[in-house]
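Presented below is the structure to which this report refers.
What follows draws every value from the coordinates through simple rules; no lab data is involved. On a predicted model such as this, the values are computed, not experimentally measured, just so you know. Ideal geometry is used to build each Cβ from the backbone, glycine not excepted, and the neighbour counts take in all protein chains shown.
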Amino acid sequence: MKIRHFFKIIPLAALFVIFYSCKNEANQDVSADQTSTEVAPKARKGQAFIEDDGSTPNVLQIAIGSPDHTTLVAAVQAAGLENSLVNAGPLMVFAPTNAAFDALPEGTVEELLKPENKQKLAAILKHHVTAGNYDKSFIKKFKKLGQADDTSAIVEVKGEDVYVGGAKIIASIKAGNGIVHVVDKVILPTSN
């Protein structure tokens, strides 16, 4: 009789052990989650900060990956325009090189990067963006391009060279949401 009670107790004991170990693992998972939440840095929000290694880089990812565009990336971040450059587009971005920013009068970039000049910086950067996905040969057909800052930039063709707002297109890179045209000057808005 005692042996039968013993065999009835074994399954109950086994269930108790399984239940207790599952509960213990759940508590460990919760504390691991709480620890990682407490340690993790404050996350930036928006589609610009979603990591995706499988698709064609967007215009922002191309700029971030270029050692010749660190000033442009710093300016985009200071103006808070990261999410604008990763939208579905299509976007044409005329991306001035670091040398183009260095050619501006001394102190200009530093002044524009100050928080109080965020709107002015954003307006200048938006002047480097237009809707579309046109290669250099197609841009030759235009006289002006409507820019994202609601102004336009004049297109000039000199031989095989194409200039937009006075900046020469020196390279072009296809992006997942448009195209990046590397330019040799910062394109400043003018009234036209």
Inset, instruction - Using only the Cα atoms of the stretch 125-189, build the gyration tensor, take square roots of its eigenvalues as a ≥ b ≥ c, and label the shape rounded, prolate or oblate: rounded if a/c is under 1.5, else prolate if a/b is larger than b/c, else oblate. - result: rounded
Legend entry - Prolate/oblate/rounded call for the stretch 71-143, Cα gyration tensor, a/c under 1.5 rounded: oblate
Inset, instruction - Multiply the residue separation of THR190 and GLU156 by 0.36 nm, subtract the distance between their alpha-carbon atoms, and state the gained length in nm to one decimal. - result: 10.7 nm
Legend entry - Under-5 Å amide H pairs with ALA167, H placed in peptide plane, nonlocal only: none
Inset, instruction - Enumerate the amide H contacts of THR97 below 5 Å, restricted to partners 5 or more residues apart or on another chain; note that Pro and chain-start residues carry no placed amide H. - result: VAL183, LYS185
Inset, instruction - Would you kindly state how much longer the chain becomes between LYS174 and ASN87 on full extension, computed as 0.36 nm times their sequence separation minus their alpha carbon distance, in nm to one decimal? - result: 29.8 nm
Legend entry - Per-residue ³J(HN,Hα) for the stretch 56-71, Karplus 6.51 cos²θ - 1.76 cosθ + 1.60, θ = phi - 60°, Hz, x for Gly and Pro: 5, x, 7, 4, 5, 4, 5, 4, 4, x, 9, x, 8, 10, 5, 5
Inset, instruction - Could you sort out which of LYS114/LYS141; LYS118/LYS185; LYS118/LYS143; LYS118/LYS140; LYS118/LYS158; LYS126/LYS168 sit more than 27 Å apart by Cα distance in this structure? - result: LYS114/LYS141; LYS118/LYS143; LYS118/LYS140; LYS118/LYS158
Legend entry - Those GluC sites (Glu not before Pro) in the stretch 74-172 that DSSP places in a loop and that have at most 16 other beta carbons within 10 Å: GLU106, GLU160
Inset, instruction - Taking 7 Å along the Cα-to-C-beta vector as the label spot, tell me the LEU113-ASP68 distance in nanometres, rounded to one decimal. - result: 2.1 nm
Inset, instruction - Quickly rank 141-148, 94-101 as a protection proxy: mean count of other C-beta atoms within 10 Å, highest first. - result: 94-101, 141-148
Legend entry - Whole-Hz ³J(HN,Hα) from phi, Karplus 6.51 cos²θ - 1.76 cosθ + 1.60, for the stretch 141-147, glycine and proline x: 6, 9, 9, 9, 10, x, 9
